[in-house]
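What follows draws every value from the coordinates through simple rules; no lab data is involved. Just so we're clear, the structure is a prediction, and the values are computed from it rather than from any experiment. Cβ sites come from the backbone with ideal geometry, for glycine too, and all protein chains shown count toward neighbours.
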Amino acid sequence: MTGLPSTQAGLTGPDGAVPELSLRRMHWFTVALQWVSSLSRSIIPLGVLYLQHRDRGGRLLPIIGGGILLLTAVWSIASYLAMRYGLTADSLVVRSGVLRRQSRVIPFSRIQGVNVRQSALERVFGVAELRVETATQGAEAEAVLSVLRWKDAQSLREQLVAERQSAFDARPGAIPAPTAVGALVPDPAPMIAAAQTPVLVASVTVEELMVAGGTSNNIGVLIALLISGCERFGSSFFDELTLPGGIGSPIEAFAAAMGNVWLLALLVFVVVVPILFASWLVSVVGSVVRYYGFTLERVGQDLRRRHGLFSRVEASIPMARAQALRFRQSMLRRPFGRGELFVVSAGSVGKGDGTSGGLQHLMPIIRVEHVGSLVTEVFPDANVDALLTSSAGSGAWRRAAPLSWLRLACKSSFALLLIVGVLVAWRGSAWWSLAWLLPAAWLLAGARWRARGLALVPGYVLVREGGIARTTVILPERKLQLIEVVQGPLQRLFGVATVQLTTAGSGGLASMVDLPLAEACFLRDDLAARLPRSVRQRRRSAAAVLPAARSNTHPLASESWPYAV
């Protein structure tokens, strides 16, 4: 592997002196990117200054603009000269800053992920940005090397991933990762060589990406934006309609046409259909552009996803840091038997690369029947195929208490009464809407109650929630950090409680709402008692699937547990 030379000692030598590091600079295109970025931040202030003083001092403004151009160019060059990076025997060193110098030392053992991003402009010049993430839970990556040559960025990423794995295996008590046949490899050289060989796990075709875009929740946002634009700018078509009150917007036109069936049909055909089609088309194109060529590969102990038509993203997901999996089905995707799969990873802070709030996209769209096989890529001992394809309340799924449906219906009814009361005070005639809103709210409450469920398989807890849209969370017992039983005022009245399960990732929270209080406390105490045993079991294993994990006998399968598997 071609990579950076690393020093043979740490940051301090035997005499305490800091050795001279072999540091390298960024690509020269960094100057141009930083200059353009600085100028973009100066455009608005310069525009305001020009509009306020264009009648006086007109000859001074070009001088100010030229001075800003010169200063930003000098600053970009100085920043480029000050930015360097290099490797020691056990860490990545990044030095930056013109007036305020900063030196960051990132130990290999603390690296969470190494991602490579490439915008459309960067692809033209053959450069890329490399982002190194740690478990700091900050808003940005720990180190951003912008920009490197594309080949240099890929080479450095491979080197950092291999060094991180070597540092992980060198920890006291750590067991080296197994090979494909399960044998231990004491020599790290074969492991490093294997880490460079990607193995394809899954891919997404263009047709599936079109389905993902056409069934995404972004359509509703786009419809709202288009309607807002019609509201803001109006339309000559609505101005020419002969409608009472002088209609000036689509919203008012629909309100006035409610009493005229033919006019309402015309407005639906002229306004609603084009808006829906435009929103659907924009969403489909956006999905294809963002996730074009999506592939998920296993590289050593990591999963790596690649995607992007114009802007390219290559993000690594360390499986050792995976805390949970979240399978989400939107209202539009459920009828097609599809959803999206996320992995909850500790310390995920990336932006614009499919990462949000600790959730990383594992698959932008996937069929329900294929989720189980992909789960085993992250958690090899998880046997959840049957649970993912069955409904809550059947098999090993435990449904919430029946009173949960009544509690949800009461909450929905109260919210509706409040909203309708406000409309009555405003319009004076909206009580009739309760005739169909209340039954709809009670039906939706029933759907939410039927969707809620909790299931136990050996070593894992599954929680399902939602209504029309549904989410299933897969939590390994060994990753649980906190188990709580919470009761609100209505829950105390009905004798039910919520069990909250939390992992290290910010997106690793799952709640089973409205379990009977006795069952909720039993689940909390039993899981809490078995957590240390799960941790010891994980440390004793050599990252191999334990034979006992495939057993159908669960430690909770006893007469005292109300829903034994």
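A cut-off under 13 angstrom between Cβ atoms defines the neighbours of S91, and their net charge, with Lys, Arg +1 and Asp, Glu -1, is +1.
Here the Karplus curve 6.51 cos²θ - 1.76 cosθ + 1.60, taken at θ = phi - 60°, turns the phi angles of region 477-489 into couplings of 4, 5, 9, 5, 9, 8, 10, 10, 10, 10, 10, x, x Hz, with x standing for Gly and Pro. Distant-in-sequence amide contacts of Q323, defined by a placed amide H-H separation under 5 Å and a gap of 5 or more residues or a different chain, comprise V344, S345, A346. Ordering of 297-305, 78-86, 109-117 by packing is 109-117, 297-305, 78-86, highest average first (other Cβ atoms within 10 Å, averaged per residue). Once backbone amide H atoms are built at 1.01 Å from N, A143 has V132 as its partners under 5 Å, excluding neighbours fewer than 5 places away on the same chain. Run the simple label-point estimate for L23 and A529 please: 7 Å along Cα→C-beta, distance reported in nm. Going by the 7 Å Cα→Cβ label model, 5.8 nm.
Computed from phi, the 3J(HN,Hα) profile of region 461-467 under the Karplus parametrisation 6.51, -1.76, 1.60 (θ = phi - 60°) reads 10, 10, 10, 10, 8, x, x Hz, with x in place of Gly and Pro. Cβ-to-Cβ counts within 10 Å put I366, I44 in ascending order as I44, I366, the fewest first. The stretch between A435 and A447 holds 2.4 nm of extra length on full extension. This uses 0.36 nm per residue minus the Cα-Cα distance. The gain in end-to-end length when the W75 to R95 segment is fully stretched comes to 5.6 nm, 0.36 nm per residue minus the alpha carbon separation.
Inter-label distance, T295 to A320: 2.6 nm, where each label sits 7 Å from its Cα along the C-beta direction.
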